[in-house]
Amino acid sequence: TERYQGYQFDHGFQVLQTGYPEISNHLDLSRLDLSVFPAGVAVHASDAFHIIADPRRHPAQVLSTVTSSIGSFTDRLRLMKMVRTLVSQPMEQIFDDPEEKAGDFLRRYGFSESFITGFFTPFFGGACLDTSMSGSSRILKYLTRLFATGDAALPVEGMEAVSRQLAEAIPEEKIYCRQEVSSVGEGRVSLTDGRVFEAEMI
């Protein structure tokens, strides 16, 4: 997060997704003073923006969501059914599901090509930098569940506030910068000055 003339600039496409399973174990969200984005997408097509929002959280957008020209009414019913199914099951089950391409899964589920192109491709492409829809169906389900159960948000002090809060829990004497590593092995890192650090995760 850089600051210039009273403005903040976060580098890269990044938001804090409060639906991440581990987030409450490592961050105090109340201290981050989060600003939450609306739960939905604005798709630009035919020279206009079309709002498709989560009707549970944005009832005022129900009409625009239902009447949007992106896909059909049946597509939106299928989307609600898919979200309801994903939210009702344990997160781990998603990664036990059969693996297939995201696009193939959506077609098999019954979504129209226009809805896949107009809704899922921008969503999946923005989140995973994959507009081919050839990525994992498990990741598509995982992201859909995250956005259905959590909020996409930004800390008032920028995304840098997340790493600053994480760093607070680490004693300063345990952080070593600008060290030259000679080798990395199973559970250990060796430095060129002869020191060896062991850890459960490298």
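For this structure, a couple of remarks:
- Kirkwood Rh in Å, taken over all unlike Cα pairs in the range 1-57: 14.7 Å
- Gain on full stretching of the segment that runs from Arg195 to Arg178 - 0.36 nm per residue minus C-alpha separation: 4.7 nm
- Carbon and sulfur %, accessible surface of the range 66-177 computed with the full protein complex present, 1.4 Å: 58 percent
- Once backbone amide H atoms are built at 1.01 Å from N, Ala45 has His50 as its partners under 5 Å, excluding neighbours fewer than 5 places away on the same chain.
- The range 162-167 - phi-based ³J(HN,Hα) in whole Hz, Karplus 6.51/-1.76/1.60, Gly and Pro as x: 5, 5, 5, 5, 4, 5
- In the chain, helices alone account for a calculated mean residue ellipticity at 222 nm of -9500 deg cm²/dmol, with every DSSP H run of four or more residues adding -39,500 (n - 2.57).
- Full extension of the segment from Phe13 to Glu157, taken as 0.36 nm per residue of separation minus the current Cα-Cα distance, would add 50.2 nm.
- Of Gly187, Gly40, Gly158, the residue with the greatest mean-square motion in the GNM of the chain, using alpha carbon springs below 10 Å, is Gly187.
- For the range 15-23, Karplus couplings with θ = phi - 60° (6.51, -1.76, 1.60), whole Hz, Gly/Pro x: 9, 9, 8, 5, x, 4, x, 8, 4
- Once the 1.4 Å probe is applied to the protein heavy atoms, the chain comes out at 65 Å² accessible per residue.
- Positive-end extreme of charge dipole, the chain - chosen from Phe9, Val43, Ser183 (charges on Cβ): Val43
- Distance between the range 59-113 and the range 119-176 - C-alpha centres, whole angstrom: 20 Å
- Candidate values (1) 49; (2) 61; (3) 67, label of the one derived for percent of Cα pairs over 22 Å apart: (2)
- This model, with +1 at the C-beta of Lys and Arg and -1 at the C-beta of Asp and Glu, gives the chain a dipole about its Cα centre of some 880 debye.
- Once exposed loop trypsin sites (Lys or Arg not before Pro) are cut out (DSSP; at most 15 other Cβ, 10 Å), longest piece of the chain: 58-177
- When the range 100-140 is reduced to its Cα atoms, the Kirkwood hydrodynamic radius in Å: 9.7 Å
- Of the whole protein surface, Glu2 contributes about 110 Å² of accessible area at a 1.4 Å probe radius.
The values are calculated or read from the model by the stated rules, or taken from the named source; none is laboratory data. Predicted model only: the values in this text are computed from it and were never measured. Cβ sites come from the backbone with ideal geometry, for glycine too, and all protein chains shown count toward neighbours. Ligands, DNA and RNA are excluded from the accessible area calculation, which covers all protein heavy atoms including side chains. Shrake-Rupley method; radii C 1.70, N 1.55, O 1.52, S 1.80 Å.
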